[in-house]
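K.L.:
Quick one: this structure, given as structure tokens, is what I'll be asking you about.
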Amino acid sequence: MNNIINGTEIAKNIKDQLKLEIEKINDKKPCLAVIIVGNDEASHIYVKNKNKACDYVGIKSDTYFLNSNISEIELIQLIEKLNNNEEVNGILVQLPLPSHINEKNILLKINPLKDVDGFHPYNIGMLSTNSAKLKSCTPSGCMELLKRYNVDIKGKNALVIGRSNIVGKPISMMLLNEDATVTTAHSKTKNLEYLTKNADIIIVAVGIANFLKPHMIKDGVVLIDVGMNRAKDGNLCGDIDFECSQKASLITPVPGGVGPMTITMLMKNCLTAYKIQNNINIEED
Ligand code: GUN
């Protein structure tokens, strides 16, 4: 039995679906503005991939490359200009920002209706009441994988390891919204193995290579790996030791699992933002 989740294929299917839908828009196409501050290499790679995905699905992308010594006020002025520009449907500020800029302040300034990252407190609040239209991309990508592989979530013990604002917290809320019994574990959690052994679904987002080991899990568990680490041998690896695939009923590989879904869900959010701003009905999924 093949128990490896194919994120690359699912991401491609969704992008093809979005491309078809965007082709049908006769008006101006959706537009995403991406702001990147400084020279962080990983951020530049992310942004290049985002632009490539935009080109593929037919979303216009404008990228603003800003010097690392730009002031917080100048950055806010650019965000406000983009908030007021009707041609721009989505705004994304690439993280991390240089240390002299307060990330929370910046994210608060983005118009929540253009917040395609789903990081604004308004959208986080909407998620907590199960009413969000713009939800953060990596957690949405994980949920989409579970859905497409027909994983039954209702009433299941779901364990999220990691409590970041970008992944751990929002995915905990998403699983709760789908009626899972959710536990969020983190670096101060006691007796983690008790939790991992009792979980039906485990999402790992801790940023530690091969953190979850086979002896920690039960047979048949569904494993979602959000990690992307460089192993000692130089290869990419996730937060889950891939030996766990011997016990899991389903597992995401790294690369080719959650990774390709993140940018795909960003594309979906751009189209959703466009629809919200143009009063077009959004099909609930
Ligand atoms: N940096 C790493 N991942 C992300 C992301 O999903 N969104 C933004 N804005 N910055 C990031």
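The values are calculated or read from the model by the stated rules, or taken from the named source; none is laboratory data. As the structure is a prediction and not an experimental result, all values here were calculated from the model. These area figures cover heavy atoms from the full protein model, side chains too; ligands, DNA and RNA do not enter into them. Shrake-Rupley method; radii C 1.70, N 1.55, O 1.52, S 1.80 Å.
K.L.:
Express the relative contact order of the chain as a whole percentage, based on alpha carbon pairs under 8 Å and six or more residues apart in sequence.
P.N.:
21
K.L.:
At 1.4 Å probe size, with the rest of the protein present, what percent of the exposed accessible area of region 209-260 is carbon and sulfur atoms?
P.N.:
In region 209-260, the share of accessible area belonging to carbon and sulfur is 52 percent.
K.L.:
So how do Ser249, Ser172, Ser187 rank on accessible area, 1.4 Å probe, biggest first, that is with the largest at the start?
P.N.:
Output order, biggest surface exposure first: Ser187, Ser249, Ser172.
K.L.:
Here is a further query. Out of all DSSP beta bridges in the chain, what portion is antiparallel? Express it as a percent rounded to 5. Could you put the intermediate results ahead of the total?
P.N.:
Numbers: 2 of 31 bridges.
Among the beta bridges of the chain, antiparallel pairing accounts for roughly 5 percent.
K.L.:
Would you mind giving the average projected area, over all directions, of the Cα convex hull of the chain in nm² with one decimal? Each step should come with its number before you reach the end.
P.N.:
Working: hull surface 60.7 nm².
Directional mean of the projected Cα hull area for the chain stands at 15.2 nm².
K.L.:
Take the cross-link list Lys15/Lys104; Lys190/Lys232; Lys133/Lys275; Lys60/Lys275 and give me the ones stretching past 22 Å between alpha-carbons.
P.N.:
Details: Lys15/Lys104 30 Å; Lys190/Lys232 28 Å; Lys133/Lys275 11 Å; Lys60/Lys275 15 Å.
Too far apart for the 22 Å limit: Lys15/Lys104; Lys190/Lys232.
K.L.:
Further question: Going from the alpha-carbon gyration tensor of region 29-173, what semi-axes, largest first and in whole Å, does one get by taking the root of 5 times each eigenvalue?
P.N.:
Output for region 29-173: semi-axes of 28, 17, 16 Å.
K.L.:
What 222 nm value per residue comes from the helices of the chain, counting each DSSP H run with n ≥ 4 as -39,500 (n - 2.57) and dividing by all residues, nearest 500 deg cm²/dmol?
P.N.:
-12000 deg cm²/dmol
K.L.:
Let me ask something else about it. What residue among Lys197, Lys114, Lys268 has the largest mean-square fluctuation in a Gaussian network model of the chain, using Cα springs under 10 Å?
P.N.:
Lys197
K.L.:
Using only the alpha-carbon atoms, how far is helix 72-84 inclined from the longest principal axis of the chain? Give it as 0 to 90 degrees, nearest 10.
P.N.:
80
K.L.:
Hey, can you grab everything whose amide H is under 5 Å from the amide H of Thr63? Only 5+ residues off in sequence or another chain; H modelled, so Pro and N-termini drop out.
P.N.:
Amide H to amide H, under 5 Å and 5 or more residues apart or across chains, Thr63 pairs with Val34.
K.L.:
Give me the percent of Cα-Cα pairs in region 112-174 that sit more than 18 Å apart, rounded to a whole number.
P.N.:
Values: 671 of 1953 pairs.
Result for the distance tail: 34 percent.
K.L.:
Between 0 and 90 degrees, rounded to the nearest ten: what's the tilt of helix 259-277 against the longest Cα principal axis of the chain?
P.N.:
Result, in degrees: 40.
K.L.:
Separation of region 1-68 and region 204-273 by C-alpha centroid, Å?
P.N.:
Each part's Cα centre sits 21 Å from the other's.
K.L.:
Let me ask something else. In Å², and per residue, what accessible area does the chain have when probed at 1.4 Å with the other protein chains present?
P.N.:
I get 50 Å² per residue for the chain.
K.L.:
Can you give the angle from 0 to 90° between the axis of helix 7-23 and the longest principal axis of the chain, with both taken from C-alpha atoms, to the nearest 10?
P.N.:
30
K.L.:
Cross-link partners among lysines for Lys81, C-alpha distance below 17 Å, same-chain residues fewer than 8 apart left out?
P.N.:
Partners found: Lys109, Lys114.
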